[in-house]
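One structure is given here, and the rest of the page talks about it.
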Amino acid sequence: PDENMYVAQRPISLRSSVSALSNNLSAISLSDRRSISYAAVHKSVVHVAHWTGGQVTSKQFSPEEQSSSSIGHIVQVSWCHLHSGRNVLVLASTRGLQMYDETGLLLLFSFKLSSIHDQSETSFARGICSVGDSVCVGTSSGDIQVFNVAGKGSLVTLLNTLKDHKHPVCDIHSIHDGRLVSSDDNGKIVLWDSASDFQKLRAIDGDGNPCTSVCLWNDVVVGGYGSGHIRIFSASTGKMTAEIAAHARWIHAIDVAPDTGLVISCSEDTFIRIWRLPQDGERDVKLIHSETIDDVQLVGVKFCDKQGTMFAVTGYDLGEIRIFKK
């Protein structure tokens with residue numbers, strides 16, 4: 001059998017579909033892939049599913065009902081694993097953000113954007129990642145809010161505001177050495193170093209196309225764009241090293257497998273594609289797998305392990321999370 005062949009597993013059914021939002025799937029592998037938790041958004045409802053050894057428990061909850069005030073529309077949901085070992089579920093919405101414990105039931109913290117923005121109709125939070133014991137959340141003003149989360153209890157404090165983007169933040173991704181990368185609606189990408197008080201390392205200018213999803217791997221920055229392109233940049237120089245016409249339509253999500261440098265992308269064009277980044281003197285990015293889900297605009301994709309041997313995907317109007325495995 002082809003070592004690059006991925007086979008469809010039993011899907012995880014959801015009570016309704018998921019919204020047509022970029023990066024609309026989060027997955028976190030607990031205790032070395034024996035247990036995986038997923039989260040996705042449908043309008044004002046969050047779907048949470050836990051997969052443990054073939055057994056699936058899934059539920060949905062409406063954060064609106066747990067909050068004393070309106071949270072508006074949910075834009076994104078993401079599991080965040082903190083250095084303390086704690087896992088939190090972070091929601092970004094048109095009003096601000098909320099953090100829940102790992103059951104998704106206990107509200108730990110709520111932050112209103114109106115406390116920092118003029119209350120225009122267009123304000124929203126989008127782009128979520130954790131680094132160390134901090135959670136970083138992007139906003140429509142281009143600012144990134146950095147919150148410190150205590151190891152237990154509900155103490156969450158606003159630590160820092162990172163200002164460089166002039167357009168709404170699309171996505172944020174971090175890696176274990178403390179570097180993070182953020183992207184925005186104009187295609188600009190910024191690298192930051194959390195180890196030196198979130199100092200800006202470098203910026204890569206955009207071309208007007210949104211960089212909807214961004215990843216960092218070693219010295220490589222990978223951006224997925226509304227134009228259907230994937231662009232690869234050197235993190236140390238900011239120079240573009242490769243450009244791929246990856247999809248026929250808008251790319252909604254990309255992800256990278258940290259141990260192998262595999263990159264996965266999904267698009268409105270119904271395709272999921274897996275790419276191998278150049279390693280050890282290689283020059284070319286290789287397409288190693290392609291999969292289509294007929295007539296479904298794909299909106300979220302995540303590898304379920306560090307090697308990239310298993311991935312999950314969501315689609316607009318698809319009432320399940322599709323799982324594929326080598």
Q) Just from its helices, what would the mean residue ellipticity at 222 nm be for the chain, if runs of 4 or more DSSP H residues each count -39500 (n - 2.57) and the sum is divided by every residue, rounded to the nearest 500 deg cm²/dmol? A) 0 deg cm²/dmol
**Q.** Rounded D (µm²/s) - region 144-230, Kirkwood Rh over Cα pairs, Stokes-Einstein at 37 °C, 0.692 mPa s
**A.** 242 µm²/s
Q: Using amide H atoms built 1.01 Å from N in the peptide plane, name the residues 5+ places from Gly132, or on other chains, whose amide H lies under 5 Å from its own.
A: His83
Q: For region 131-140, just list the computed ³J(HN,Hα) in residue order, Karplus coefficients 6.51, -1.76 and 1.60, θ = phi - 60°, integers in Hz, with x standing in for Gly and Pro.
A: 8, x, 9, 10, 10, 9, 10, x, 9, 5
Q. Hey, what did region 136-208 get for relative contact order, percent, Cα under 8 Å, at least 6 apart?
A. 22 percent
(Q) How big is region 189-293 along each principal axis, measuring the range of its Cα positions in Å and listing the largest first? (A) 43, 32, 20
(Q) With θ taken as phi - 60° and the coefficients 6.51, -1.76 and 1.60, list the Karplus ³J(HN,Hα) couplings across region 177-187 in order, rounded to whole Hz; mark glycine and proline as x. (A) 7, x, 7, 9, 9, 10, 9, 9, 5, 9, x
Q) What's the carbon and sulfur percent of region 79-177's accessible surface, probe 1.4 angstrom, rounded to a whole number? A) 53 percent
Q: Run the 1.4 Å probe and let me know the accessible area of Ile251, rounded to the nearest 10 Å².
A: 0 Å²
Q: Take the Cβ-Cβ distance between Met240 and His83 as r, set R0 to 45 Å, and report the resulting FRET efficiency rounded to the nearest 0.05.
A: 0.90
Q. What residues from region 34-53 fall in the zone where the backbone N is under 12 Å from a label point 7 Å along the Cα-to-C-beta line of Ser16?
A. 41-47
Q: Note the full-extension length gain between Asp295 and Arg249 as 0.36 nm times their separation in residues minus their Cα-Cα distance, in nm to one decimal.
A: 15.2 nm
Q: Mind checking which lysines have their Cα closer than 19 Å to the Cα of Lys166? Skip sequence neighbours fewer than 8 apart in that chain.
A: Lys188, Lys200
**Q.** Within the accessible area of region 251-292 (1.4 Å probe), percent carbon and sulfur
**A.** 42 percent
**Q.** Whole-number accessible area per residue in Å² for the chain, which is evaluated in the context of all protein chains at 1.4 Å
**A.** 42 Å²
Q: Compute, for Cys215, the solvent-accessible surface of its heavy atoms (probe 1.4 Å) with the complete set of protein chains present, and express it in square angstrom to the nearest 10.
A: 0 Å²
Q) Based on the Kirkwood radius over alpha-carbon pairs, what is the Stokes-Einstein translational diffusion coefficient of the chain at 10 °C with 1.306 mPa s viscosity, in µm²/s? A) 82 µm²/s
Q: Under a 10 Å cutoff between Cα atoms, tell me which one of Ser194, Ser114, Ser26 has the largest fluctuation in the Gaussian network model of the chain.
A: Ser114
**Q.** Solvent-accessible surface (1.4 angstrom probe) belonging to Asp185, in square angstrom, nearest 10
**A.** 50 Å²
Q) Of Asp177, Asp184, Asp295, which has the most accessible area with a 1.4 Å probe, and how do the rest follow in descending order? A) Asp295, Asp177, Asp184
Q | Volume of the Cα convex hull of region 271-326, divided per residue and given in Å³ | A | 87 Å³
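The values are calculated or read from the model by the stated rules, or taken from the named source; none is laboratory data. Here the structure is a predicted model, which means the values were calculated and not measured. Virtual Cβ from ideal backbone geometry, glycine too; neighbours counted across all protein chains shown. Heavy atoms of the whole protein, side chains included, go into the accessibility calculation; ligands, DNA and RNA do not. Shrake-Rupley method; radii C 1.70, N 1.55, O 1.52, S 1.80 Å.
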